[in-house]
Amino acid sequence: SFALMGLDRDEFLRNTAKPYAARSPGVFVPASYPALFGVAAGLMSSARDVAEYSIAVDRDMFLRPETKAAAFTNSRTTNGQTIPYGLGWFVQQSGDAKLVWHYGLWTANSSLLVKAPDKGLTFVALANSDGLTNRYNLAGGGLAEFTVIKRRMAHKLPAVLPLTHGALIEPMALSNNT
């Protein structure tokens, strides 16, 4: 309930980005956000709030260090094969950097959170369309297609990045010490 949280529903809706759906490269059409909320999707947030959550994870304020270590470690199948997923996080190596990441995709919204824990870097991108993550095989551990993220994280440069579907994202490189 908005009232329970001390928020004004009308003001919240006025400040919410208008939703769009990606139809083809560069073509976005108006859409509607889903009215459902569940464990898999439906939470609305800002990039700043996701960054604050990420900092809490980095500082062990959200998970115990041993729990975070388990979450950020590749799991193994019953026959011993390493898979690109830990406990709720994808885990992969990119050059000398260990990356842990998660993405979201639902009707008219998508998100990407990438962390390089050993380098103290985090990349947060939220979109008011499904165009940020829907064309990539992220469920299969396909972060490698987002090469622009790797370049930006390596140089610690925030920028506005054009994506192939015409959406714009504003990444923030955050240090564990900020």
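The values are calculated or read from the model by the stated rules, or taken from the named source; none is laboratory data. Everything quoted here is computed from the prediction, not taken from an experiment. Positions of Cβ are backbone-derived with ideal geometry, glycine not excepted, and every protein chain shown enters the neighbour counts. For accessibility, only protein heavy atoms count, side chains too; no ligands or nucleic acids. Shrake-Rupley method; radii C 1.70, N 1.55, O 1.52, S 1.80 Å.
A quick yes/no check of all residues on (1) open to solvent by 30 Å² or more (accessible area, probe 1.4 Å); (2) closer than 22 Å to F12 by Cα; (3) touching a Gly at 6+ places or on another chain (Cβ under 7 Å):
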{"residue": "G26", "(1), (2), (3)": "yes, no, yes"}
{"residue": "L36", "(1), (2), (3)": "yes, yes, yes"}
{"residue": "A51", "(1), (2), (3)": "no, yes, no"}
{"residue": "V57", "(1), (2), (3)": "no, no, no"}
{"residue": "D60", "(1), (2), (3)": "yes, no, no"}
{"residue": "E66", "(1), (2), (3)": "yes, no, no"}
{"residue": "R76", "(1), (2), (3)": "yes, no, no"}
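Looking at (1) without any contact (Cβ under 8 Å) to a residue 12 or more places away in the chain; (2) loosely packed, with under 13 Cβ neighbours inside 10 Å, can you tell me which one G88 breaks? Of everything listed in (1) without any contact (Cβ under 8 Å) to a residue 12 or more places away in the chain; (2) loosely packed, with under 13 Cβ neighbours inside 10 Å, G88 misses just condition (1). Does A3 satisfy the criteria of being open to solvent by less than 90 Å² (accessible area, probe 1.4 Å), touching a helix residue (DSSP H, G or I) at 6+ places or on another chain (Cβ under 9 Å) and farther than 20 Å from L113 by Cβ? Yes: the conditions hold for A3. Scanning segment 119-140 for residues that are over 26 Å from T77 (Cβ atoms) and either in a strand (DSSP E or B) or open to solvent by 70 Å² or more (accessible area, probe 1.4 Å) (or both) returns K119, L121, T122, F123, V124, A125, L126, A127, R135.
Where strands (runs of 3 or more DSSP E) fall entirely within segment 1-117, those with at least 2 residues that are within 19 Å of the chain's Cα centre (by Cα), of a type outside the set (A, V, I, L, M, F, W, C) and over 16 Å from L132 (Cα atoms) are at 90-94.
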